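Readers should treat all values here as calculations from the given coordinates under stated rules, not as data from a laboratory. Owing to the predicted nature of the structure, the values given are computational and were not obtained by experimental measurement. Here Cβ is always computed from backbone atoms with ideal geometry, including for glycine, and neighbour counts include all displayed protein chains.
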Amino acid sequence: MIIRLALRSLAVRPIRTAVLACGFGLGIAVMAALLGVGDVILEQARSPELSGGGDMLVLGAFGSIENAPFVLSTVRALAPTASPARRATVYLMTEGGSIPVIARGGVPSLEKSVGDREVKNVAAWVDAPADARWKHVDPGGVLRALDRFHAEPDVPEFAASWAEWLYFNGRTSDGRARFYLTFLVGPSTRFARSGQGPLRPGFRSAGVRLQLDRDGRTTNYSAPAEVDERTVLDKAPDLDIGGSSVRLDGQRYQIALRLPGATGELTLDPAPGRALPPAVLRGARGWLSGYVVPVLSGTLSGTLNVGGDSVRFENATGYHDHNWGFWRDVRWQWGQVSGADLSFIYGRVFPPADVAAADRIPGFLGILDERGLVGVATNVSIAEHRAAGDAAAAPPSIDVSARGSGLDLRLTFATDRSVRTALSMTGGATDFLQLGGTYRVEGRAAGRQINFTARGAAETFQPH
């Protein structure tokens with residue numbers, strides 16, 4: 001029947017029938033060709049020669065990531081076979097002038113492991129002793145490199161407001177006690193000691209400050225000191241300020257406090273993968289502000305002794321970050337919270353108006369799990385809510401919304417504790433507020449729905 005209909009159609013409409021037949025034939029031929037190409041691609045993908053092949057370009061949300069071992073350790077958590085490489089321009093000098101040449105450097109054994117055809121059969125190309133650090137990245141070394149201190153830039157206009165500090169916070173498992181601890185190295189003593197005696201070349205003002213919240217009551221302890229700048233740059237994050245100290249032993253931070261009215265010993269062990277790489281914001285005339293989070297979430301243990309009482313932290317939650325830069329007329333918003341297997345951090349820096357436009361510096365939100373960073377957004381809104389007519393009060397709530405690739409989140413923070421401090425390094429125009437409270441985290445990220453409530457922290461600035 002079908003053959004009879006086809007013959008009659010050919011007799012009545014020969015041209016249309018022929019064109020239609022050719023169209024069907026062409027479609028079938030294209031499909032067959034695509035299936036054949038797909039088989040070839042699939043077969044090549046299974047080839048051992050291509051195992052681990054391909055280039056991966058890693059970029060930071062706020063520019064280049066300066067810590068190469070950190071990048072490599074993070075990439076290897078996703079792809080165990082990885083070979084770092086660097087390209088640069090070198091110049092071949094001849095009698096006729098210079099000839100630019102693009103040069104590429106790598107680690108021979110790692111290049112061969114990913115099947116680089118250019119070098120895999122070159123027996124003479126072998127690793128140098130210094131290449132070992134790229135083959136086996138030491139987690140403790142990565143942590144120490146993240147937490148290094150920075151030489152102050154030669155920018156006299158802002159020099160008096162330079163400061164760099166290690167910041168730690170932690171809370172007991174029942175949430176009744178929380179501490180905020182800062183080891184700060186400030187500007188040269190020529191600024192801090194004006195009119196207070198002879199200068200000490202090469203020394204910087206410094207101090208340790210502990211704020212302890214217990215059952216809604218806040219107490220503060222501090223001690224000023226001076227530190228040798230060269231020692232700080234060579235050894236940090238190992239610091240000695242007055243009688244207090246920080247030591248990084250492998251991947252464990254050991255903190256000893258000897259402050260008037262407060263002593264203690266604390267340890268912080270980072271959760272694997274919970275670190276954010278350094279980010280630096282730059283403005284006009286050499287202004288900058290830097291930030292890194294070596295420990296977004298970790299296990300805190302130890303004891304603080306204050307006023308004859310002991311506050312114990314057993315299997316508690318701890319956090320550590322690190323800031324550096326010029327701070328006069330700077331303010332910021334910041335917060336962090338951790339769920340069962342994800343950690344969240346957000347923030348935004350507001351620089352002086354004459355060095356950068358605040359609306360051109362985005363906020364950020366990062367999400368990390370045990371393997372490292374799993375999501376980041378720079379489309380972030382941080383809204384602080386206050387009672388009408390009380391602009392100087394601590395915000396009773398903060399709403400944070402973030403959207404990015406595969407990420408759509410809302411964090412709602414309810415404040416139940418606040419501490420107000422006047423920070424001289426920012427110029428004194430506003431007060432610094434440290435907030436404790438509860439976060440409600442809802443949305444989608446890391447390929448799943450997220451919905452949990454947990455205690456966390458926030459920071460902001462308010463008028464006097």
Förster radius 25 Å - calculated FRET efficiency between Arg230 and Asp154, Cβ distance, rounded to 0.05: 0.95
Chymotrypsin sites (Phe, Trp or Tyr not before Pro) lying in DSSP loop within region 257-340, provided at most 15 other Cβ fall within 10 Å: none
Packing-based exposure ordering (other Cβ within 10 Å, fewest first) of Thr438, Thr415: Thr438, Thr415
Ellipsoid equivalent to region 302-362 - semi-axes via the Cα gyration tensor, in Å: 34, 18, 8
Summed side-chain charge close to Ala103 - residues other than Ala103 whose Cβ falls under 10 Å, Lys, Arg +1, Asp, Glu -1: +3
Neighbour-count ranking [beta-carbon atoms within 10 angstrom, fewest first] of His150, His320, His464: His464, His150, His320
Most positive-pole-ward Cα, Ser161, Leu288, Tyr180, against dipole of region 138-327 from beta carbon charges: Ser161
Burial ordering of Asp213, Asp131, fewest other beta-carbon atoms within 10 Å first: Asp131, Asp213
Contour excess over end-to-end distance, with Cα ends at Arg247 and Ser109 and 0.36 nm allotted per residue: 46.2 nm
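Quick check: residue separation of Thr303 and Thr412 times 0.36 nm, minus the Cα distance between them. What number comes out in nm?
Working: separation 109, 0.36 × 109 = 39.24 nm, distance 3.16 nm.
Computed gain between Thr303 and Thr412 is 36.1 nm.
Using unit Cβ charges (K, R positive; D, E negative) and no other charged atoms, how large, in debye to the nearest 20, is the dipole of region 82-137 about its Cα centre?
220
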Using a Förster distance of 22 Å, the FRET efficiency for Arg217-Arg440 (Cβ separation, nearest 0.05): 0.25
Charged-residue dipole, Cβ positions (Lys, Arg, Asp, Glu), region 328-464 about Cα centre, Debye nearest 20: 120
Geometric extent, Cα atoms of region 112-190 - Rg, Dmax (angstrom): 22.6, 64
Added length on full extension, which subtracts the Cα-Cα distance from 0.36 nm per residue, Gln254 to His136: 40.0 nm
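Suppose R0 equals 35 Å; then what is the FRET efficiency for Tyr91 and Arg371 from their Cβ-Cβ distance, rounded to the nearest 0.05? Write out the running numbers ahead of the final one.
Values: r = 41 Å, r/R0 = 1.18.
So, using R0 = 35 Å, E works out to roughly 0.25.
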Along each principal axis, Cα extent of region 338-402, largest first, Å: 44, 31, 15
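What trypsin sites (Lys or Arg not before Pro) does region 99-168 have in DSSP loop regions with at most 10 other beta carbons within 10 Å? Write out the running numbers ahead of the final one.
Values: sites: Arg104, Lys112, Arg117, Lys120, Arg133, Lys135, Arg144, Arg148; in loops: Arg117, Lys120, Arg148.
Answer in residue order: Arg117.
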Rounded to whole Å, sorted largest first: equivalent-ellipsoid semi-axes of region 82-137, Cα gyration tensor: 27, 13, 11
Size-normalised alpha-carbon gyration radius of region 328-464, reference 2.2 N^0.38 Å: 1.08
